[in-house]
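Engineer: The structure follows.
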């Protein structure tokens, strides 16, 4: 025997109350305070800066290596041109070699200046990486502690949620599957609320007036299923002296 429909609907009302409260508690347990959200934002910002600085460091080191190779080539060329200068026998070649020497010296000077700036940039990158790494480590430690504190202060909510999960499981085993299906088909279209009570002759969910004739029908036929004519939710009439099942 499934039991009377009145009993089933009363349990369905309790079932809905349980799942709504579980959802509320889950949301509360996932909704961190502003201090935690601020730490998470700060950590993401620092991680982005750290990644960007590491990329810049790699690029600067790569450029440094290439410019050092170019500097060595310019120095080698300068030595060659200076050696060639001693061997030229006419003014035209002499002028050409002098131009090459002049160009090589300028390139050496410019490249050395560039390398000095690159060295400074690399030092700056490495310093920033150290700073970001230290700050990131500190912020993560702060976040871990804040999360632990948050969890500790919410033990009661966690306990209550776990208790309600057991209540939900028990009611699921007691409510016939066909009524659970009806409930969920309505609830998924009605913001999770598939059952409503009649309070002061109105639907507790949509607050529309219930016709007195319909209320009398529900009272006379408690083992029949009735729906709100406005929102189509299942209507449950809970007597004042029967607030719990």
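Engineer: Return yes when residue 148 is over 22 Å from residue 73 (Cα atoms), out of contact with any helix residue (DSSP H, G or I) (no Cβ under 9 Å at 6 or more places or on another chain) and assigned to a helix (DSSP H, G or I) and no when it is not.
Structural biologist: For residue 148, the condition - over 22 Å from residue 73 (Cα atoms), out of contact with any helix residue (DSSP H, G or I) (no Cβ under 9 Å at 6 or more places or on another chain) and assigned to a helix (DSSP H, G or I) - is met.
Engineer: Being assigned by TED's automatic domain parsing to the domain that holds residue 40, under 30 Å from residue 47 (Cα atoms) and over 38 Å from the mean Cα position of the chain (by Cα): is that true of residue 64 here?
Structural biologist: Answer is yes for this residue.
Engineer: Looking only at region 178-210, which residues are over 19 Å from residue 22 (Cα atoms), in a loop (DSSP other than H, G, I, E, B) and touching a helix residue (DSSP H, G or I) at 6+ places or on another chain (Cβ under 9 Å)?
Structural biologist: 201, 210
Engineer: Taking into account only those residues within region 223-245 that are touching a strand residue (DSSP E or B) at 6+ places or on another chain (Cβ under 8 Å) and in a loop (DSSP other than H, G, I, E, B), which is modelled with the lowest pLDDT?
Structural biologist: Filtering first and then ranking leaves 238.
Engineer: Okay, next question. Do you know which residues across region 151-183 are under 30 Å from residue 33 (Cβ atoms) and in contact (Cβ under 8 Å) with a residue 24 or more places away in the chain?
Structural biologist: Scanning region 151-183 gives 154, 157, 158, 160, 161, 164, 165, 167, 168.
Engineer: Ok, one more. What number goes with the only condition from (1) in contact with a helix residue (DSSP H, G or I) (Cβ under 7 Å, 6 or more places away or on another chain); (2) in a helix (DSSP H, G or I) that residue 88 does not pass?
Structural biologist: (2)
The values are calculated or read from the model by the stated rules, or taken from the named source; none is laboratory data. In this text the structure is predicted, and so the values were computed from the model without any measurement. Positions of Cβ are backbone-derived with ideal geometry, glycine not excepted, and every protein chain shown enters the neighbour counts.
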